[in-house]
1. Figure the gain on full extension for SER20 and LYS53 (residue separation times 0.36 nm, minus the Cα-Cα span) and round it to one decimal in nm.
2. So, by mean Cβ neighbours within 10 angstrom, what's the order for 16-23, 35-42, 50-57, 62-69 with the highest one leading?
3. Which value, in debye to the nearest 20, describes the size of the charge dipole of region 15-68 about its Cα centre when Lys and Arg Cβ atoms bear +1, Asp and Glu Cβ atoms bear -1, and nothing else is charged?
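Read-outs throughout are calculated quantities, based only on the coordinates presented, and are distinct from any laboratory measurement. Source: prediction; values computed, not measured. Note that we place each Cβ from the backbone using ideal geometry, even for glycine, and neighbour counts take in every protein chain shown.
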Amino acid sequence: MLNCSGIRAKMAGCSGENLSKTESMIETMADGQGKIVAQKEVAQAQDAMLSGKMGACAVHLTKAMHVGGMTK
């Protein structure tokens with residue numbers, strides 16, 4: 001059986017506050033492929049959150065943060 005506790009600890013919580021922080025960070029990024037990818041991940045996170053899919057939201061938000069460098 002796979003232990004997911006370590007994975008969950010590294011994932012961003014899906015909340016309006018975390019989405020806002022991530023969007024603000026992305027706005028400061030230089031234009032380019034990384035910024036586009038991060039914006040798409042945030043859009044997918046928002047869509048998942050509105051659909052009540054909090055796990056999917058957290059995955060997309062975490063990906064956006066990695067692309068944007070927030071988790072380094």
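1. Full extension of this stretch gives 10.1 nm more.
2. By packing density, highest mean first, the sequence is 62-69, 35-42, 16-23, 50-57.
3. 160
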